[in-house]
1. For the stretch 190-199, check the following and say yes or no: at least one residue is of a type outside the set (S, T, N, Q), over 23 Å from the mean Cα position of the chain (by Cα) and more than 29 Å from Glu164 (Cβ to Cβ).
2. Quick one: is Cys462 away from ligand 1 (no atom under 16 Å from the Cβ) and in contact with a strand residue (DSSP E or B) (Cβ under 9 Å, 6 or more places away or on another chain)?
3. Among the residues of the stretch 355-362, is there at least one that is near ligand 1 (Cβ under 10 Å from one of its atoms), part of a strand (DSSP E or B) and either hydrophobic (A, V, I, L, M, F, W, C) or surrounded by fewer than 19 Cβ atoms within 10 Å (Cβ to Cβ) (or both)?
4. Within the stretch 547-566, is even one residue in contact with a Leu (Cβ under 7 Å, 6 or more places away or on another chain), modelled with pLDDT under 90 and open to solvent by less than 60 Å² (accessible area, probe 1.4 Å)?
5. Could you check, for the stretch 369-385, whether at least one of its residues is in a helix (DSSP H, G or I), open to solvent by 10 Å² or more (accessible area, probe 1.4 Å), more than 16 Å from ligand 3 (Cβ to nearest atom) and in contact (Cβ under 8 Å) with a residue 60 or more places away in the chain?
6. Somewhere in the stretch 213-225, is a residue open to solvent by 60 Å² or more (accessible area, probe 1.4 Å) and in contact (Cβ under 8 Å) with a residue 24 or more places away in the chain?
7. Taking the stretch 419-433 on its own, how many of its residues are open to solvent by 30 Å² or more (accessible area, probe 1.4 Å) and farther than 25 Å from Pro339 by Cβ?
8. Only one of (1) under 38 Å from the mean Cα position of the chain (by Cα); (2) crowded, with 22+ Cβ neighbours inside 10 Å; (3) of a type outside the set (A, V, I, L, M, F, W, C); (4) away from ligand 2 (no atom under 16 Å from the Cβ) is not met by Lys507, so which one is it?
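The values are calculated or read from the model by the stated rules, or taken from the named source; none is laboratory data. Please read these numbers as outputs of a predicted model, since none were measured by experiment. Heads up, the Cβs are rebuilt from the backbone with ideal geometry, glycines too, and the neighbour counts pull from every protein chain shown. We work out accessible area using only protein heavy atoms, side chains counted, and drop any ligands, DNA or RNA first. Shrake-Rupley method; radii C 1.70, N 1.55, O 1.52, S 1.80 Å.
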Amino acid sequence: MGPLAIFFCLASGAMWLWTRKHRTAFELEICSAVICSALFSNTLIHLLVGFEAENLMYFAIMMPAFAMMTPNLRIAIFWTVLCVGAMLVIVHINLPSMFTEYVSVGIAGALGAAGATTLVRGAIFNAVSARLEAVKEREEALRISVKDTLTALPNRRSFFDAFEDRLDGLREDGRKFLLILIDLDGFKPVNDVYGHSTGDDLLRAVSGRLLAASPRGAMVARLGGDEFALLADHRAQTNEVRRIASRLVDALALPYSLPAGVVRISGSAGVYVCDRGELECSAMIERADHALYRAKNARPGEAVVFSDLDEVDLANVNHVDRCLRQADLEKEMSLVFQPQFDLVNQRVSGFEALGRWNSAQLGAVPPSIFIAAAERTTQMSRVTHILLGKALKAMESLPKDARLAINLSAHDLMSESNVQKIAEQIRLSGVDASRLELEITETAMLDDQDFAARSLGELQACGVSIALDDFGSGYSNFSYLQRLHVSKLKIDRSFVKPLMSEASAAKILRTLISLSKSLNMECVVEGIEKPEEMAYATAFGARYLQGFLLAKPMPAEEVPDFMARVPAWIEQMRDQVGEVDIDAAMPQPALNLSTIRRAQS
Ligand code: C2E
Ligand code: MG
Ligand code: MG
């Protein structure tokens, strides 16, 4: 019996080791069957070879032990019945006088087995279900943290994880890859006009198309809002890169049949071939973003591949950013003032303050460059604070009956603290705020109209009025113009420039001017360079004009001289514009200044 017991001990030990790894329920059943059989046969053989009454107790002990060991309830019952049966048979053969007592022992053992199995199974069941629940929750949390909940595409986080992996691949094995950033053109209007649920449908449709049009093995992710990104292998030549990117933007430009109706948008793409392992992720994103910026500005709806020329461009951009950060802006920045004319009263009705930066390192930097740099480098509020301070100071010397318009960037309105700072600066300056007009662009109001409304409300509370700059050049949802209490629309030069070359341009300009009238808003036509343009604008009923023909922006010191020349200048304009012969086909004939005045009074 000794060697047998040792053998079974070793076998049980081996089984224990075996069960330490993850096993299936069937494997565990086999394992428990082997152990139970070993223990059972050990006892049985022992009793058959030499009967000793006290060894019968082993059956009673084995019953709860087996019940706890077997994963399956039916097998636990089987072993309990087998133990009771074997014990009673042996008792019946060897100790018939004690049969009744051993029946009681059998019942006690079976009850013990039932109790043990209930307790152990209950505990195991609870532990397992708690574990499963935790696993499920973890998996769900993981799923949410890596997937975009709206489109089910990988989200920003998993995109950057995959990006890091690709970058490791590039550095270790030279595996080049493509980074494509995609931004939708015209998504916001759809969201505003049709509502958010249609916007969501559209984003889902866009992600489906991107997946279908992307090359095999590519990862398409949603970075947020209407921005998507794609990572793909790069084995081929530039032509292939263009083909891949074009397929994506072409797919996005097809019409979308949504429950709310058929919608058309497009997507612009910026492509960077990631082939320089020394660059970090952020530098690669910056390059793709630069290409995307070029696509959005010059070729919306198309893909632009980052080129060597862009590399030079980007270096310049970074240089400007650095110079702006280091500059003494209080000293280097100044304002020039461009007059605005009121044709009805034939006088200068106001000035627009335009920022100038004369950088110690770069020389004169145009506002289009330094405003963009300030926005990029989160220095806009510093620039605005300095320029606003100079503008408020200049109001002391500007004609008292003229208003002053000051440009704000979209970034100035993005945070509550910026808006409060601007309002505070205006209040503390002690200027007559009714002479002050703040110009904001349409894009400043697109992202969060409620927030824009609150910001503008706070500024208006100081007594300033709001003008909408570059009106018509972006996207105008006319309904919000009145909600935001905009009092003036400034029609961009892009509507004036084509007047002489495009037949539809005159109609569009006229429509914009009459739109502002019907909305009860003042209207300034900007960028008047030629007498013909002025003639058109006046013929269409524009009252306020601004442009190089009338006056170029000038430093504050030149304003008094300029004001003295205004009456003579009006005479000269009257002649020039009066001579212009506007196409006879135009709905309204050319009008000179005095005719306009009569018509409007
Ligand atoms: P904007 O507010 O639409 O300003 C009008 C721009 O048109 C000015 O350019 C002005 O010089 C120019 N302009 C005026 N008349 C004519 C014309 O007849 N023909 C042409 N081709 N252009 C004309 P500028 O000064 O280069 O400013 C460009 C833009 O930069 C401004 O457009 C404005 O959006 C922004 N900006 C200028 N100064 C500031 C500022 O102080 N703060 C902020 N946030 N933005 C500013
Ligand atoms: Mg402006
Ligand atoms: Mg403008």
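1. Going residue by residue through the stretch 190-199, those that are of a type outside the set (S, T, N, Q) are 190, 192-196, 199.
Then drop every residue that is not over 23 Å from the mean Cα position of the chain (by Cα), which leaves none.
Within the stretch 190-199, none of the residues are of a type outside the set (S, T, N, Q), over 23 Å from the mean Cα position of the chain (by Cα) and more than 29 Å from Glu164 (Cβ to Cβ).
2. Numbers: away from ligand 1 (no atom under 16 Å from the Cβ): yes; in contact with a strand residue (DSSP E or B) (Cβ under 9 Å, 6 or more places away or on another chain): yes.
Against the criterion (away from ligand 1 (no atom under 16 Å from the Cβ) and in contact with a strand residue (DSSP E or B) (Cβ under 9 Å, 6 or more places away or on another chain)), Cys462 qualifies.
3. Restricting attention to the stretch 355-362, the residues satisfying the condition of being near ligand 1 (Cβ under 10 Å from one of its atoms) are 355-357.
Pick out the ones that are also part of a strand (DSSP E or B) and you get 355-357.
With the extra rule that they be either hydrophobic (A, V, I, L, M, F, W, C) or surrounded by fewer than 19 Cβ atoms within 10 Å (Cβ to Cβ) (or both), the set shrinks to 356-357.
Taking every residue of the stretch 355-362 in turn, at least one turns out to be near ligand 1 (Cβ under 10 Å from one of its atoms), part of a strand (DSSP E or B) and either hydrophobic (A, V, I, L, M, F, W, C) or surrounded by fewer than 19 Cβ atoms within 10 Å (Cβ to Cβ) (or both).
4. No - not one qualifying residue is present in the stretch 547-566.
5. Taking every residue of the stretch 369-385 in turn, none turns out to be in a helix (DSSP H, G or I), open to solvent by 10 Å² or more (accessible area, probe 1.4 Å), more than 16 Å from ligand 3 (Cβ to nearest atom) and in contact (Cβ under 8 Å) with a residue 60 or more places away in the chain.
6. No: the stretch 213-225 contains no residue that is open to solvent by 60 Å² or more (accessible area, probe 1.4 Å) and in contact (Cβ under 8 Å) with a residue 24 or more places away in the chain.
7. Residues meeting the conditions: 5.
8. For Lys507, the failing item is (2).
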